[in-house]
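Let me begin by presenting the structure, written as structure tokens, before commenting on it.
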Amino acid sequence: MSEYREMGWDEGFSKDFSESDFIVLPEGDYDFTVESFERGRYEGGDWIPPCNKAVLKLRVDGPDGPAIITHNLYLCTKDSCRRGIYRFFEAIGQVKDGEDLRPNWSSGFLVGQTGRAHIIQRPDKNDPSKIFNNVKNFYPKQVKKFTPGSF
């Protein structure tokens, strides 16, 4: 059960809270866990037409605590979009390089999956003083090899 509780509309409170729960990770390679998945819609832009999108929340445990990164996968036939989807599913071990992919978009499957990614810092387009965590690329899932007699 959560340590938090619902507040009433007329309930007051003191200013003993952190100004920000947002943690900017140092650039590097991190393990991640899929915390949530939502089906969304992208309205289109200069490089990608209107299309469905997968909105993933990835939890990364960094040196200053856990960070949640929102990562979108665009369901579009553009090579970079298909590559992004493929690399994500490769990172969680659903597909191996060179195999055809039929993604399993079930949140029951995706939530809890783990993988590894390279995280960079990205400035906000409208306010460069705001910095966000961004997935630059995903790494293929490394299969743990079993060697009899070793632990």
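Which pairs do you get when a residue that is under 13 Å from Gly115 (Cβ atoms), found in segment 90-104, comes within reach of a residue that is of a type in the set (Asp, Glu) and in a loop (DSSP other than H, G, I, E, B), reach meaning Cβ atoms under 6 angstrom, with the pair 6+ apart or on two chains?
none
Here are some conditions: (1) out of contact with any strand residue (DSSP E or B) (no Cβ under 6 Å at 6 or more places or on another chain); (2) touching a residue at least 24 places away in the same chain (Cβ under 8 Å). Tyr42 meets all but one. Which one does it not meet?
The one condition Tyr42 does not meet is (1).
Here is a yes/no grid of residues against (1) of a type in the set (D, E, K, R); (2) at pLDDT 95 or above:
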site	(1), (2)
Met7	no, no
Ser14	no, no
Tyr30	no, yes
Val34	no, yes
Arg41	yes, yes
Gly44	no, no
Trp47	no, no
Arg59	yes, yes
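Please state which of the following conditions Tyr74 fails to meet, knowing it meets all the rest: (1) touching a helix residue (DSSP H, G or I) at 6+ places or on another chain (Cβ under 8 Å); (2) surrounded by fewer than 18 Cβ atoms within 10 Å (Cβ to Cβ); (3) of a type outside the set (A, V, I, L, M, F, W, C).
With respect to (1) touching a helix residue (DSSP H, G or I) at 6+ places or on another chain (Cβ under 8 Å); (2) surrounded by fewer than 18 Cβ atoms within 10 Å (Cβ to Cβ); (3) of a type outside the set (A, V, I, L, M, F, W, C), Tyr74 is out only on (2).
Among the residues that make up segment 61-76, is at least one of them charged (D, E, K, R), modelled with pLDDT of 95 or more and farther than 18 Å from Leu110 by Cβ? Can you show your working first?
First, pick out the residues of segment 61-76 that are charged (D, E, K, R): 61, 64.
This time we only want the ones that are modelled with pLDDT of 95 or more, so: none.
No, segment 61-76 has no match at all.
Which condition does Val143 not pass, out of (1) part of a strand (DSSP E or B); (2) among the hydrophobic types (A, V, I, L, M, F, W, C); (3) at pLDDT below 95, if it passes all the others?
Among (1) part of a strand (DSSP E or B); (2) among the hydrophobic types (A, V, I, L, M, F, W, C); (3) at pLDDT below 95, Val143 violates only (1).
State whether the residues of segment 108-117 include one that is out of contact with any Phe, Trp or Tyr (no Cβ under 8 Å at 6 or more places or on another chain), under 13 Å from Asp31 (Cα atoms) and outside any strand (DSSP E or B). Break it down into steps so the answer makes sense when it comes.
Pass one, segment 108-117, residues out of contact with any Phe, Trp or Tyr (no Cβ under 8 Å at 6 or more places or on another chain): 108-109, 112-113.
So of that shortlist, the ones also under 13 Å from Asp31 (Cα atoms) come out as 112-113.
Checking which are outside any strand (DSSP E or B) leaves us with 112-113.
Yes, that holds for at least one residue.
The values are calculated or read from the model by the stated rules, or taken from the named source; none is laboratory data. For clarity, every value in this text was computed on a predicted model and none was experimentally measured. Positions of Cβ are generated from backbone atoms using ideal geometry, with glycine treated the same way; all protein chains shown enter the neighbour counts.
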